[in-house]
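All remarks here apply to the structure that follows.
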Amino acid sequence: MRKKCGMILGLLLLMMAFLVGCGGQQPAAGGSGSGAVSKAATQQTEAMPTGNVTIKMLNVGQGDSILVQTAEQTVLIDTSDVDEQDKLRAELKKANVQKLDKVILTHPHADHIGGMPVLYEAYSVGEVYDNGVTVKSKIYRSNLKTAQQKNIPVKTLKAGDTLDFGGGVTFHVYAPGPQMLEESKAKKFNQNNGSIVGQLVCGQFKMMLTGDAEQEAEAEIDGSYKDVLNSDVLKAGHHGSKTSSSPTFLRYVHPQVCLISCGEKQPKGGTGNTYGHPHEQTLKKYAALKAKVYATVWNGTITITSDGQTYKVTAEHAKDAPDQPAETYEGKAGTK
């Protein structure tokens, strides 16, 4: 009898071990699509997604707005500038967006958070994420107030967090890190360096999303995450400015494709792209990597699709030729 009990117990333990093994990595609290934040940025998985991921760098002038659509969620990273709200509205309509599960605001500059009134007005917004750095600007405070009035949770992202975008797609956060968060307490802190920087992972496909992070923030990222930074696609930091895309950071990321979001160059004293983005120094760095470069100012909206093994980049039109189709770029995900 004792021998039979031992055999039964052994079989039960074997079955439990098998079930745990088949289950694989456990999801963050709340399950797929919950919006829960876990601490697993350095433990990336390459499980194949359930369906394709589509990423669109929206053509919203001198600002950032990147739309991510997975099998389960629609996520918007930044929302363009205050005076570009009509462009944002048109781009979201063109992409057939019905609701937004998550909105990530990389940092509180107007050209990244200026389109939030469009979202509050026209869409159901599930959650809003920011970098937790408080500023006194009117637009920043207005956004928080509206979210509170609409009972939309506002959460904070920092280095080490991981967000579930659903459909097997995750977002690993590499910044802001401890150094930049400490410096953010100073009155003259460069808000660009507080940007949320993260890597979207879909199977073997990876895309680095940088906000306006400049070289000081990139250096902190290099120090903590250099072994996992390699990405197929890079969203150029700070609209292709010479203040971002340091040689060391680019060496670790080593993208095959670089995307730049910026508007038509304007003379100083005007509005919009008075900074001359993208800077020639930055374009030369991308050329040295032999990376394919697209920019919204040249190509309109830029779309990336991936099944986790391969990816395709399609621009709205050829460079500076709105009446001509753009050449499609196709690559194998995970190429170093």
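The values are calculated or read from the model by the stated rules, or taken from the named source; none is laboratory data. Since the model is a prediction, treat every value here as computed from it, not as a measurement. Reconstructed Cβ throughout: ideal geometry from the backbone, glycine too, with neighbour counts over all protein chains shown. Protein only, heavy atoms only, side chains kept; ligands, DNA and RNA dropped before computing areas. Shrake-Rupley method; radii C 1.70, N 1.55, O 1.52, S 1.80 Å.
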Let me confirm something: among Thr314, Thr243, Thr335, Thr248, which residue is assigned to a helix (DSSP H, G or I) and either more than 18 Å from Leu67 (Cβ to Cβ) or without any contact (Cβ under 8 Å) to a residue 40 or more places away in the chain (or both)?
Thr248
Which one of Lys292, Lys285 is open to solvent by 50 Å² or more (accessible area, probe 1.4 Å), within 19 Å of Met208 (Cβ to Cβ) and out of contact with any Phe, Trp or Tyr (no Cβ under 9 Å at 6 or more places or on another chain)?
Lys285
Of the conditions (1) within 21 Å of Trp298 (Cα to Cα); (2) buried (at least 24 other Cβ atoms within 10 Å of the Cβ); (3) touching a helix residue (DSSP H, G or I) at 6+ places or on another chain (Cβ under 8 Å), the single one that Arg89 does not satisfy is (2)
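Of everything in the range 215-226 that's open to solvent by 20 Å² or more (accessible area, probe 1.4 Å) and either in contact (Cβ under 8 Å) with a residue 24 or more places away in the chain or outside any helix (DSSP H, G or I) (or both), which residue is farthest from His107 (Cα to Cα)?
To start, the set of residues in the range 215-226 that are open to solvent by 20 Å² or more (accessible area, probe 1.4 Å) comprises 215-216, 219-220, 223-226.
After this cut, where a residue has to be either in contact (Cβ under 8 Å) with a residue 24 or more places away in the chain or outside any helix (DSSP H, G or I) (or both) as well, the list is 215-216, 219-220, 224-226.
Working: Gln215: 16, Glu216: 15, Ala219: 18, Glu220: 17, Ser224: 21, Tyr225: 21, Lys226: 23 Å.
Residue satisfying both the conditions and the ranking: Lys226.
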The lone condition His239 fails out of (1) surrounded by fewer than 24 Cβ atoms within 10 Å (Cβ to Cβ); (2) under 26 Å from Val103 (Cα atoms) is (1)
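Residue check: is Lys319 modelled with pLDDT under 95, open to solvent by 70 Å² or more (accessible area, probe 1.4 Å) and in contact with a Gly (Cβ under 7 Å, 6 or more places away or on another chain)?
In short, no.
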Out of the residues in the range 151-185 that are closer than 17 Å to Ile104 by Cα and among the basic types (Lys, Arg), which is surrounded by the most Cβ atoms within 10 Å (Cβ to Cβ)?
Lys158
Take Val133 and tell me if it is surrounded by 15 or more Cβ atoms within 10 Å (Cβ to Cβ), in contact with a helix residue (DSSP H, G or I) (Cβ under 9 Å, 6 or more places away or on another chain), modelled with pLDDT of 95 or more and on the phi < 0 side of the Ramachandran plot.
no
